[in-house]
Amino acid sequence: MTLGALYDFLDTLSPFATQASWDNSGLLIGSREDEIEQIYLSLDVDSALLEEVTPHSLIITHHPLIFGGLKQLNFAKYPANLIQMMIQKKIGLIAMHTNFDLSHLNAYVASLLDFKITESKEFVSYCDVNQSLDDLALHVKRVLGIEHLRIVKAKEWVGRCAITTGAGGDLISKIEADCFLSGDLKYHQAMEAKENNLSLIDIGHFESERYFPECLANYLKNLPLKAIMSNSKNPFEYK
């Protein structure tokens, strides 16, 4: 199967044109004419993943490896070192970032939590949960396998909950809910939320988006290629 044919399939599934203006989703390494023998699915590209990927494969990630403009390629440092390795092994790369958040990932995480989405506004999915904040936090910890949660308690009761996977802190001023679940929440964002009577549950960036491979894999089952879920590792460790 050619990389171009696979790209077109992915574009139909989750149109790349819907990505945020600041994003860099799409074909990052390789050409449409490349023949692909195997697919690897991962949240990110890291050196451990590239050690196991076989030549003439395609990696589909959530986060773009090439994000801002590259002014130089220093092969001793990230991300150029990974780009060099991929070129040497003839490995292609497609990123499905904010376009996939919109089309699939937010809804997938909501479904894992057994929440029914009642409304979606851009990168925010809204659900009616009707439970105490403490019970919601325990439910989130159990289902998403997060040992410790950071919480801002502005309300005891959560009727309507908002979810944005990854880093959604910049959306806090637009949230129309009792509680917002997202990752990478900052101190001043927490202050803003509490003063505006919005509870927060920080579900982590990696922790909330690590489901990208299994979510996308559901749509690749009928392709004439083997798709391997081989997620990157969380760079953070917790003691």
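Computed from the coordinates by the stated procedures, all read-outs in this text should not be read as laboratory data. All values derive from a computational prediction rather than experimental measurement. Cβ placement follows ideal geometry from the backbone for every residue including glycine, while neighbour counts extend to all protein chains displayed.
Summing +1 for each Lys or Arg and -1 for each Asp or Glu among the other residues whose beta-carbon sits under 11 angstrom from that of His56 gives -1.
With a ≥ b ≥ c taken as the square roots of the eigenvalues of the C-alpha gyration tensor of the stretch 162-202, please select rounded if a/c is under 1.5 and otherwise prolate if a/b is larger than b/c or oblate if it is not?
Details: a/c = 1.64, a/b = 1.16, b/c = 1.42.
Here the stretch 162-202 falls in the oblate category.
Across the chain, the longest piece that holds none of the chymotrypsin sites (Phe, Trp or Tyr not before Pro) lying in DSSP loops with up to 15 other C-beta atoms within 10 Å covers 76-218.
With respect to the cross-link table entries Lys186/Lys226; Lys90/Lys226; Lys71/Lys121; Lys194/Lys233, which display a Cα-Cα separation exceeding 29 Å? Intermediate results must be reported in sequence, preceding the final value.
Numbers: Lys186/Lys226 40 Å; Lys90/Lys226 17 Å; Lys71/Lys121 36 Å; Lys194/Lys233 32 Å.
Checking Cα-Cα distances, Lys186/Lys226; Lys71/Lys121; Lys194/Lys233 exceed 29 Å.
Shape verdict for the stretch 1-80, please, from the Cα gyration tensor: rounded (a/c under 1.5), prolate (a/b greater than b/c) or oblate. Because a/c hits 1.5 or more and a/b fails to exceed b/c, the stretch 1-80 counts as oblate. Projecting the Cα atoms of Val158, Ser199, Leu43 onto the charge dipole of the chain (Cβ charges, centred on the Cα centre) puts Leu43 farthest toward the positive pole.
Under the rule a/c < 1.5 gives rounded, and otherwise a/b versus b/c splits prolate from oblate, where does the stretch 101-202 land using the Cα gyration tensor? Note, shape of the stretch 101-202 comes out rounded. Expressed as an acute angle from 0 to 90° and rounded to the nearest 10, what is the orientation of the C-alpha long axis of helix 3-13 relative to the principal long axis of the chain? Result, in degrees: 20.
List the GluC sites (Glu not before Pro) within the stretch 117-187 that DSSP assigns to loop and that have no more than 10 neighbouring Cβ atoms inside 10 Å. Write out the running numbers ahead of the final one.
On the way: sites: Glu119, Glu122, Glu147, Glu156, Glu176; in loops: Glu122, Glu147, Glu156, Glu176.
Qualifying residues, ordered by number: Glu147, Glu156.
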